[in-house]
Amino acid sequence: NTVSGEDLSWFWKTWFFEQGFPDLAIKSYKISGNELFVTVKRIGALPVPIIVTYSNNNGEKFTQREEASVWKNGVEEFEIKLKISGIPNQLVIGDETVPDVNRTDNVLNIKQN
């Protein structure tokens, strides 16, 4: 807490003094113009960072990260806004550095109209 200059009790309490597990899922997405809105649901009680990667029709991948602090006020969902290039065809949340007990709900293939 001293080094960060902020009260991190919301993090320490959940990770070390309460029972729970880390689990995020893609709840929904919406494309509007050149923006992609991804709603991530926190299923588990432990706060973890959100890493969203989308692939486009050109084979390119773009990643955006939000820190675990987005969960500090107890919210269960968080919406990320990404600028997109090309036509997105797949969303993935998390990576090998973010613990998640159920990765089956972390990948979503985007259907094109």
Exercise. Picking from Val48, Val38, Val98, which is most flexible by a Gaussian network model of the chain using Cα springs under 10 Å?
Worked result: Val98
For this session: Using a cut-off of 11 Å between beta-carbons, work out the net charge of the residues near Ile51 (Lys and Arg +1, Asp and Glu -1, Ile51 not included).
Result: -4
Exercise. Considering only protein heavy atoms and a 1.4 Å probe, what is the carbon-and-sulfur percentage of the accessible area of the chain?
Worked result: 51 percent
Seminar exercise, completed: Per GNM of the chain with C-alpha springs under 10 angstrom, the most fluctuating residue out of Thr97, Thr14, Thr39 is Thr97
Problem set entry | Helix-derived mean residue ellipticity, 222 nm - over the chain, DSSP H n ≥ 4, -39500 (n - 2.57), to 500 | -500 deg cm²/dmol
Seminar exercise, completed: Candidates Asn56, Asn34, Asn89; GNM for the chain (alpha-carbon contacts under 10 Å) flags as most fluctuating Asn34
Exercise. What number, in percent, do you get for the relative contact order of the chain if the mean sequence gap of Cα pairs under 8 Å and at least 6 apart is divided by its residue count?
Worked result: 28 percent
Exercise. Within a Cβ distance under 11 Å of Ser28, other residues only, what is the Lys/Arg minus Asp/Glu net charge?
Worked result: +1
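Can you give the direction-averaged projected area of the convex hull of the alpha-carbon atoms in the chain, in nm²?
Reported value for the Cα convex hull: 7.9 nm².
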Problem set entry | Cα extents of region 29-75 along the three principal axes, largest first (Å) | 36, 19, 15
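DSSP loop trypsin sites (Lys or Arg not before Pro) in region 48-83 with at most 16 other Cβ atoms within 10 Å of their Cβ, which ones?
Working: sites: Lys61, Arg65, Lys72, Lys81, Lys83; in loops: Lys72.
Those satisfying the criteria are Lys72.
Can you tally the net charge around Ser9? Count Lys and Arg as +1, Asp and Glu as -1, for every other residue whose Cβ sits under 12 Å from the Cβ of Ser9. Each step should come with its number before you reach the end.
Values: positive: Lys13, Lys72; negative: Glu6, Asp7, Glu18.
Charge balance in the 12 Å sphere: -1.
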Problem set entry | Per DSSP, loop GluC sites (Glu not before Pro) in region 1-90 with at most 14 further Cβ within 10 Å | Glu6, Glu18, Glu60, Glu67, Glu76
Exercise. Rolling a 1.4 angstrom probe over the protein heavy atoms, how many square angstrom per residue are accessible across the chain?
Worked result: 62 Å²
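The values are calculated or read from the model by the stated rules, or taken from the named source; none is laboratory data. Quantities reported herein were computed from a predicted structural model and do not represent experimental measurements. Glycine also receives a Cβ, built like all others from the backbone with ideal geometry; neighbour counts cover every protein chain displayed. These accessible areas exclude ligands, DNA and RNA; they are computed on the full protein's heavy atoms, side chains included. Shrake-Rupley method; radii C 1.70, N 1.55, O 1.52, S 1.80 Å.
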